1. Report, to the nearest 10°, how far helix 106-119 tilts away from the longest principal axis of the Cα atoms in the chain, using its own Cα long axis and a range of 0 to 90°.
2. Which FRET efficiency value, to the nearest 0.05, do you get for E177 and L236 by plugging their Cβ-Cβ distance into 1/(1 + (r/R0)^6) with R0 = 35 Å?
3. Can you tell me which lysines have their Cα less than 28 Å from the Cα of K235? Leave out same-chain residues fewer than eight positions away.
4. For the chain, find the longest principal axis of its Cα atoms and tell me its angle to the long axis of helix 267-283, 0 to 90°, nearest 10.
5. Where in the stretch 29-67 does the amide nitrogen come within less than 12 Å of the point 7 Å from the Cα of R101, taken along Cα to Cβ?
6. In a GNM of the chain with a 10 Å cut-off on Cα contacts, which of Y171, Y231, Y136 has the highest mean-square fluctuation?
7. Give me, ordered by chain and number, the residues 5 or more places off R240 or on other chains with an amide H under 5 Å from its own placed amide H.
8. For every helix of n ≥ 4 consecutive DSSP H residues, a contribution of -39,500 (n - 2.57) applies; sum these over the chain, divide by its total residues, and give [θ] at 222 nm rounded to the nearest 500 deg cm²/dmol.
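The values are calculated or read from the model by the stated rules, or taken from the named source; none is laboratory data. Bear in mind that the values here come from a model prediction, so they are computed numbers and not experimental data. Virtual Cβ from ideal backbone geometry, glycine too; neighbours counted across all protein chains shown. To get the accessible areas, we keep the full protein, side chains included, count just its heavy atoms, and leave off ligands, DNA and RNA. Shrake-Rupley method; radii C 1.70, N 1.55, O 1.52, S 1.80 Å.
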Amino acid sequence: MTDAFAESLAVVVLPAVGGGRLENLALRRWLARTDLQQASAPGELLSGILKALNLPHPDTALGALRMWGQTGERPTVWIAAADPVYLEPRLDHLCLHALGRASLPAGDLRALFDHLQNTVNDGAKYSFVTVGTCSYLRASESIATAAVPPYVVHLDKPNEYMPTGPDAAAYRRLVSEVEMALHEHEINTRRESEGLPPINCLWFWGGGYAPEQRAQPHPPLFADDPLLRGYWLSKLAPARSWPGSIAACLDESSTGFVAVAPPDDDPQLLMSCLQELRRALRSGRLSRLQLIFRDGVEADILRQHSWRIWRRNTERLN
């Protein structure tokens with residue numbers, strides 16, 4: 001058990017806070033007195049949460065963990081996440097656009113993956129599968145993959161995140177085959193006619209074999225993110241769906257928890273969560289908060305920070 005669990009710590013992922021989204025002046029003043037910092041870019045979510053809990057991050061198999069979180073069963077074969085992306089050709093480089101699951105209907109996703117299964121599949125070497133709104137690659141042999149999901153690479157150059165060295169040859173060969181198979185597919189033709197970006201590639205990341213289940217103390221998780229739920233399942237730790245409010249999380253776990261609010265850019269949800277967290281800190285129900293906002297802002301908050309009347313760190317909130 002780490003030191004983080006010896007106190008009533010809540011690690012909470014919240015909607016973006018910058019750009020003036022938080023209009024409540026009392027909450028802005030409260031946050032301005034805390035230890036705020038801005039990451040250079042939003043990072044991979046599981047990594048940020050485990051860092052706040054002082055726990056090690058798994059080096060591989062994030063795709064298998066995500067599938068585990070979706071199905072409730074540990075995958076027994078090599079798995080990588082295979083997320084649809086749009087690679088935009090620019091003057092001297094490619095720019096990756098991560099595509100939200102809401103922008104790709106499940107029927108279109110299945111149709112694309114059925115097409116890939118029929119055109120790219122090399123005997124029993126590869127298998128393209130979908131589970132709900134997520135998609136995966138199964139392989140008979142391990143291949144190198146990217147380490148981070150596409151939302152980390154969003155609007156950046158993908159080459160900097162791709163695997164390198166001799167082991168990357170199979171990865172790049174597979175990517176080329178996928179790009180050729182998706183070129184001018186009827187779903188992409190329709191998407192472009194509707195003003196939507198085409199799905200011209202897949203981002204293969206988090207490849208590996210799911211770890212064996214091993215009990216390890218973790219605070220309760222309240223989240224619908226399948227990767228987080230799969231990781232918690234692998235540790236035999238309690239994981240439940242997001243209950244709708246911070247107050248409901250406190251009712252179920254008074255000694256600390258990890259909570260992930262829905263990814264919507266919802267200023268009202270942001271405000272209500274912050275109000276409930278501030279009340280819990282002031283009343284002593286929680287002794288510390290680690291807040292991770294989806295635009296890369298992070299806050300480490302202790303009860304005594306409310307006395308920092310001289311501190312006005314509002315730059316990251318504007």
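1. Helix 106-119 sits at roughly 40 degrees to that axis.
2. On the way: r = 39 Å, r/R0 = 1.11.
The value I calculate is 0.35.
3. Candidates past the 8-residue exclusion: K51.
4. Here the helix axis deviates by roughly 40 degrees.
5. So the set is 66-67.
6. Checking each option, the largest mean-square fluctuation is seen for Y171.
7. Amide H neighbours of R240, under 5 Å, 5+ apart: L221, F222, A223.
8. Working: 10 runs with 99 residues, N = 318.
When only DSSP H runs of four or more count, the value is -9000 deg cm²/dmol.
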